[in-house]
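The values are calculated or read from the model by the stated rules, or taken from the named source; none is laboratory data. What you are looking at is a predicted structure, and each value in this text was computed from that prediction instead of being measured. Every residue, glycine as well, gets a Cβ built from its backbone with ideal geometry; the counts of neighbours run over all protein chains shown.
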């Protein structure tokens, strides 16, 4: 399998595209250059091992277009999984990672969705790994990180696509994938308190939507980055408790008991209660001193909602 993968990798083209901000040459389809579905499946069976560095970097750029496929076996199990493996293994050049960053951030920023509504959620999920790689070994500039904060927060707060899993087209999961993007930014010690506040505010907007009931694990995916923002140590206990009090205010209902009388109330109660339960479970299972400080306030919030 390794001998079959022998594609050219044109660094000059990549640099030109980085400078121009244009990406039309990359993969009109992820099946270009002789890469049939069978060949992608063979690469997957080989655990995405590509010995030649140039070929691997070239394929990483081609795989971005696979994220648009309505076929989950191509989009998720090949496109995302290959990029995940190579990013976790630090197997891509910095210039390739920056090219992927620029392309996917630009698409999120300009809402370049495919007709099936699967691309942008997976663009966000791949970006979570791209920014995680910077946390492991810095390669992004401060301006890159600022752009990531701006785009991640805008995409998370702005999404109204609450679809999770579909048996025909697999996962979309916009909220969860965007929350993962926020999470892997939040763990980066290079972020300022102001940047963390922007991310926290974006998370806050999706914790308890009133026209949708979360059923695909979104509350835990939202709770985790909130706790990592807290663990950065840049916020006071007072700031946390003020936020939690505002979050759990029963308004527009006089009390949480009244939330049982409408679907809007039930949705907000369901989503917020699940979020708090996930916060509580994550805090209870840790020995982290910074998180232990939150136990009383989260327990009190749950009690207030469920009296």
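Can you name every residue in segment 245-276 that is within 19 Å of residue 179 (Cβ to Cβ) and either out of contact with any helix residue (DSSP H, G or I) (no Cβ under 9 Å at 6 or more places or on another chain) or crowded, with 17+ Cβ neighbours inside 10 Å (or both)? Result: 267, 268, 270, 271, 272, 273, 274, 275, 276.
Considering segment 232-302, the qualifying helices (runs of 4 or more DSSP H), each wholly inside and each with 2 or more residues that are within 23 Å of the chain's Cα centre (by Cα) and farther than 30 Å from residue 189 by Cβ, run over 263-284. Output the residue which, of all residues in segment 75-113 that are in contact with a helix residue (DSSP H, G or I) (Cβ under 8 Å, 6 or more places away or on another chain), without any contact (Cβ under 8 Å) to a residue 60 or more places away in the chain and loosely packed, with under 15 Cβ neighbours inside 10 Å, is nearest to residue 56 (Cα to Cα). Restricting to residues being in contact with a helix residue (DSSP H, G or I) (Cβ under 8 Å, 6 or more places away or on another chain), without any contact (Cβ under 8 Å) to a residue 60 or more places away in the chain and loosely packed, with under 15 Cβ neighbours inside 10 Å, the top hit is 90.
Regarding residue 270, is this residue under 20 Å from residue 302 (Cα atoms) and modelled with pLDDT of 95 or more? In short, yes. Taking segment 150-168 as the range and being touching a residue at least 40 places away in the same chain (Cβ under 8 Å) and either closer than 14 Å to residue 123 by Cα or assigned to a helix (DSSP H, G or I) (or both) as the test, the residues that pass are 150, 151, 152, 153, 154, 155, 156, 157, 159. Tell me which residues, restricted to segment 102-135, are more than 13 Å from the chain's Cα centre (by Cα) and not in a loop (DSSP other than H, G, I, E, B). If the condition is that a residue be more than 13 Å from the chain's Cα centre (by Cα) and not in a loop (DSSP other than H, G, I, E, B), then 102, 103, 106, 107, 109, 133, 134, 135 are the ones that fit.
Only one entry in 177, 144 is touching a strand residue (DSSP E or B) at 6+ places or on another chain (Cβ under 9 Å) and either touching a residue at least 40 places away in the same chain (Cβ under 8 Å) or more than 16 Å from residue 111 (Cβ to Cβ) (or both), namely 177.
In the condition set (1) modelled with pLDDT under 95; (2) over 23 Å from residue 32 (Cβ atoms), residue 69 is compliant with all but (2). Can you find, within segment 136-146, the residue that is surrounded by the fewest Cβ atoms within 10 Å (Cβ to Cβ) among those that are part of a helix (DSSP H, G or I) and over 15 Å from the mean Cα position of the chain (by Cα)? Filtering first and then ranking leaves 143. One residue stands out among those in segment 65-74 that are assigned to a helix (DSSP H, G or I) and touching a helix residue (DSSP H, G or I) at 6+ places or on another chain (Cβ under 6 Å): the one that is nearest to residue 40 (Cα to Cα), which is 74.
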